[in-house]
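Worksheet: the structure to be examined is printed underneath.
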Amino acid sequence: MPKAARIHLGTIGRVHGLGGEVRLKVSRLLEPAIPALRRVSLAKEGGEPRFFFVESVRPHGDAFLLKLEGIADRTEAESLRGTEAWADRGDLEAAGARGPFHEDLVGLAVETKEGRAIGMVEEVLEYPAGDLYKVRGDGEEHLIPAAPGIVVSIDLDRGRMVVDPPPGLLEINRP
């Protein structure tokens, strides 16, 4: 299974100040790499991406403030609000991020350590207490915590995740 070339960072939020800084909240996994990130692409849904060099990054509460080259004032920055921010995998890895990234996990086949097929990772849900893998298979949906001891292994080359769910986890949503 090929690794994703572009990694979703988040959605550009509010503008900060008059100098053109924008707010970006990112996944916990990506937070350590954001201060060293030097390029991003921004795109509205269905639109063509625009590429920007990052002039500066600084933490601000639970997010980062980015100053992008060519965005000089609040009005220009406001036009970016709601756009999706992406980075090339290589740029993130060079900045210190380590995968697997969420994009790498979507589509993995999930099975128990005994070999019982559960389904495929449909989405990675991020919550303050930790990530959950939304797995769908055989008409059922399972939420599996991304926790050591539950996730035994992830093999991106083979497109497989092995889990050891505690008793009742896979049955909890059955009628």
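The values are calculated or read from the model by the stated rules, or taken from the named source; none is laboratory data. What you see is a predicted model; the values in this text were computed from it and never measured. Cβ sites come from the backbone with ideal geometry, for glycine too, and all protein chains shown count toward neighbours.
Summary table
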{"item": "E141 modelled with pLDDT of 95 or more and either assigned to a strand (DSSP E or B) or under 30 Å from D62 (Cα atoms) (or both)", "result": "no"}
{"item": "Where a residue in the range 62-85 is assigned to a strand (DSSP E or B) and its partner, wherever it lies, is surrounded by fewer than 18 Cβ atoms within 10 Å (Cβ to Cβ) and among the aromatic types (F, W, Y), with Cβ under 9 Å and at least six apart", "result": "L68/F53"}
{"item": "S56 being within 19 Å of the chain's Cα centre (by Cα) and either polar (S, T, N, Q) or at pLDDT 95 or above (or both)", "result": "no"}
{"item": "Residue list for the range 45-68, restricted to those being among the basic types (K, R) and exposed (fewer than 14 other Cβ atoms within 10 Å of the Cβ)", "result": "R58"}
